[in-house]
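Contents: one structure, followed by commentary.
The values are calculated or read from the model by the stated rules, or taken from the named source; none is laboratory data. In this text the structure is predicted, and so the values were computed from the model without any measurement. Every residue, glycine among them, receives a Cβ derived from its backbone with ideal geometry; neighbour counts consider all protein chains shown. Accessible surface areas use protein heavy atoms only, side chains included; no ligands, DNA or RNA. Shrake-Rupley method; radii C 1.70, N 1.55, O 1.52, S 1.80 Å.
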Amino acid sequence: MMDYEKIKAGVKLLLEGIGEDVNREGLLETPDRIARMCAEIYGGLYEDPAEHLRKQFAAERNDMVVEKDITFYSTCEHHLLPFYGKAHIGYLPNGKVVGLSKLARTVDIYARRPQIQEKMTADIANALMKHLEPRGVIVVLEAEHTCMTMRGIKKPGSKTVTMVTTGVFENDEKLQDRFLRLIRER
């Protein structure tokens, strides 16, 4: 589990390292605030998506299920800066479906970890394939990375788009196009 004392000590060292006075009024409680924040924004490290994806329902039809525009906030593992955006998920059931909120919870679990967007996209798709056993899954993430917008190249508004396809989505461009049309509709 999370070690709050190590986080607080690390924050204090960081503040001292940038030349701050860790004893000034505005910074006295900052190490503790950051430790509590870490529990919130990195809590996905200690959650298993299987817990949410277990509850499934019989499906009379096996038509595509799409949940789009799922807002997420994550952290780039290279700079520990946020990236945020929208996740879009589609799957073709194989006789069973899961509650729509469980798809959003799965995104949230993986978003609350330090990582790269490409891995997050694959992790979501793989978890859905493993626990739902559908005929196929497609996941698209669109995100703005503050490591690109507020530092380095400084290109605000630029977006990174990643897509992972599994099962029947992998080699079926018509199915992929159908999904992409659905997520673009407003």
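Return the residues of segment 137-154 that are of a type in the set (A, V, I, L, M, F, W, C), out of contact with any His (no Cβ under 6 Å at 6 or more places or on another chain) and within 20 Å of Lys68 (Cα to Cα); say none if nothing qualifies. Working first, answer last.
Step one: list which residues in segment 137-154 are of a type in the set (A, V, I, L, M, F, W, C), which gives 137-141, 143, 147-148, 150, 153.
Narrowing further to those that are out of contact with any His (no Cβ under 6 Å at 6 or more places or on another chain): 137-139, 141, 143, 148, 150, 153.
Selection gives Val137, Ile138, Val139, Leu141, Ala143.
Being of a type outside the set (Asp, Glu), without any contact (Cβ under 8 Å) to a residue 60 or more places away in the chain, open to solvent by less than 60 Å² (accessible area, probe 1.4 Å) and within 18 Å of Ile183 (Cβ to Cβ) is the filter here, so list the residues in segment 62-76 that pass it.
Val65, Ile70 - these are the residues of segment 62-76 that are of a type outside the set (Asp, Glu), without any contact (Cβ under 8 Å) to a residue 60 or more places away in the chain, open to solvent by less than 60 Å² (accessible area, probe 1.4 Å) and within 18 Å of Ile183 (Cβ to Cβ).
What is the residue count in segment 84-101 for residues that are more than 15 Å from Lys68 (Cβ to Cβ) and over 9 Å from the mean Cα position of the chain (by Cα)?
Here the count works out to 8.
Considering segment 1-29 alone, what residues qualify as being within 22 Å of Leu81 (Cβ to Cβ), of a type in the set (Asp, Glu) and part of a helix (DSSP H, G or I)?
Result: Glu16, single match.
How many residues are open to solvent by 100 Å² or more (accessible area, probe 1.4 Å) and free of Cβ contacts under 8 Å to residues at least 12 places away in the same chain if we restrict to segment 145-155? Give the derivation first.
Taking segment 145-155 first, the residues open to solvent by 100 Å² or more (accessible area, probe 1.4 Å) are 150, 153-155.
If we keep only those that are free of Cβ contacts under 8 Å to residues at least 12 places away in the same chain as well, we get 153-155.
Result for segment 145-155: 3.
When His52 is evaluated against the numbered criteria (1) within 30 Å of Pro156 (Cβ to Cβ); (2) touching a helix residue (DSSP H, G or I) at 6+ places or on another chain (Cβ under 6 Å); (3) outside any loop (DSSP other than H, G, I, E, B), which criterion, by number, is the only one it fails?
Evaluating His52 over (1) within 30 Å of Pro156 (Cβ to Cβ); (2) touching a helix residue (DSSP H, G or I) at 6+ places or on another chain (Cβ under 6 Å); (3) outside any loop (DSSP other than H, G, I, E, B) leaves (1) as the failure.
I'm trying to understand the selection: among the residues of segment 57-76, which are at pLDDT 95 or above and either closer than 30 Å to Thr146 by Cβ or not hydrophobic (A, V, I, L, M, F, W, C) (or both)?
Listed by number, the residues that qualify are Asp63, Val66, Glu67, Lys68, Asp69, Ile70, Thr71, Phe72, Tyr73, Ser74, Thr75, Cys76.
Just checking, how many residues over segment 156-171 are in contact (Cβ under 8 Å) with a residue 24 or more places away in the chain and of a type outside the set (Ser, Thr, Tyr)?
Residues of segment 156-171 in contact (Cβ under 8 Å) with a residue 24 or more places away in the chain: 159-160, 162-170.
Those left that are additionally of a type outside the set (Ser, Thr, Tyr): 159, 163-164, 167-170.
Selection size over segment 156-171: 7.
Can you tell me which of (1) within 17 Å of Met64 (Cβ to Cβ); (2) open to solvent by 30 Å² or more (accessible area, probe 1.4 Å) is the one Pro134 doesn't meet?
For Pro134, the failing item is (2).
Does Asp32 satisfy being modelled with pLDDT of 95 or more, open to solvent by less than 100 Å² (accessible area, probe 1.4 Å) and not in a helix (DSSP H, G or I)?
It is false that Asp32 is modelled with pLDDT of 95 or more, open to solvent by less than 100 Å² (accessible area, probe 1.4 Å) and not in a helix (DSSP H, G or I).
Within segment 77-121, take every residue that is assigned to a helix (DSSP H, G or I) and open to solvent by 30 Å² or more (accessible area, probe 1.4 Å) and give me the one that is farthest from Cys147 (Cα to Cα).
Leu100
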